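The values are calculated or read from the model by the stated rules, or taken from the named source; none is laboratory data. Quantities reported herein were computed from a predicted structural model and do not represent experimental measurements. Every residue, glycine as well, gets a Cβ built from its backbone with ideal geometry; the counts of neighbours run over all protein chains shown. Note: accessible area is taken over every heavy atom of the protein model, side chains too, but ligands, DNA and RNA are not part of it. Shrake-Rupley method; radii C 1.70, N 1.55, O 1.52, S 1.80 Å.
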Amino acid sequence: MMTAILTRDDLRLSAPSIFADRPWHDMSHRYRLVPTIEVVDILAERGFLPVRARQSNSRIPGKADFTRHLIRFRHSESLQPLAFVQETPELVLTNSHDGTSAYRFMAGIFRLVCENGLIVQSADFGSISVRHAGGSDFRSRIVEATCRVAEQPPRTLEPIEAWKQLELTTPQRRAFATGAWELKPNPSIKPSHLLIPRRMEDDRPDLWHTLNRVQENLIRGDLRAVNAGGRRIRTRPIRSVDADIRINRGLWSLAHAMTGRSN
């Protein structure tokens, strides 16, 4: 089964701020706007098509059409039925039109089993940020950044095979879970809760599967817990674009640190 490519209607439904054609009214005259949908078209010309999109909420009336949004792209070659593998490189784009975010282009990884998507932290993979300010060359800088990062996603897969071969001891897995828990502290659960596998194939001691167990438990939530008042609860999923990026990049950094610690 092929992954569904998001149409313009799909994008508008998931993240309407992608289509903003003017900035939020509080922005200064120095603010430069290139509608995100134009960048989507630039990437499409280079074979990268949108497969997932979301945006942050806003309690300010009218601001939802300008808030921070995230779009994940895959190259058309990775969308063919015979191209399916467990891990697929992605291109991740975030932006806003309310002054809270520059254009940011990052590499990412989609894991078919859990469908969470890991955002790569390492600068080696070409994370580029372009502020909404400056002269008339803003549009050309957006195009340049898009093209540069579009060449990088396949490199994100390079560490994964090594991480699959790196078996962690029980204390090392606990240390990884503790570092991950600190990315989103929750007194209702212990770090060890993040190591609970949701499927048999993830119950492995290597670094890659440890990372994915922890990531899924953090991002998807739904862990049974008891709060400070003694009431049984379930942890909440991550819905904020900012938190999604921060936690995913933090987990990638933790894995790199664990690699060095295990050498």
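Some points to look at:
- Of all the numbered requirements in (1) more than 20 Å from the chain's Cα centre (by Cα); (2) part of a loop (DSSP other than H, G, I, E, B), residue 67 misses one, and that requirement is (1).
- Unmet requirement for residue 185, which otherwise passes all of (1) under 19 Å from residue 255 (Cα atoms); (2) open to solvent by less than 80 Å² (accessible area, probe 1.4 Å): (2)
- In segment 148-166, residue farthest from residue 258 (Cα to Cα) [restricted to those that are modelled with pLDDT of 90 or more and surrounded by 14 or more Cβ atoms within 10 Å (Cβ to Cβ)]: 164
- Condition met for residue 222 (at pLDDT below 90, open to solvent by 60 Å² or more (accessible area, probe 1.4 Å), assigned to a helix (DSSP H, G or I) and closer than 26 Å to residue 54 by Cα): no
- Pair list, Cβ under 8 Å, 6 or more apart: segment 1-19 residue polar (S, T, N, Q), other residue open to solvent by 70 Å² or more (accessible area, probe 1.4 Å) and modelled with pLDDT under 95: 17/65
- Residues of segment 237-263 that turn out to be part of a loop (DSSP other than H, G, I, E, B), open to solvent by 40 Å² or more (accessible area, probe 1.4 Å) and within 28 Å of residue 103 (Cα to Cα), as a count: 3
- Breaking point among (1) farther than 20 Å from residue 86 by Cβ; (2) surrounded by fewer than 18 Cβ atoms within 10 Å (Cβ to Cβ), for residue 200: (1)
- Cross-chain or 6+ apart pairs with Cβ under 6 Å, segment 188-200 first and under 20 Å from residue 226 (Cβ atoms), then open to solvent by 80 Å² or more (accessible area, probe 1.4 Å): none
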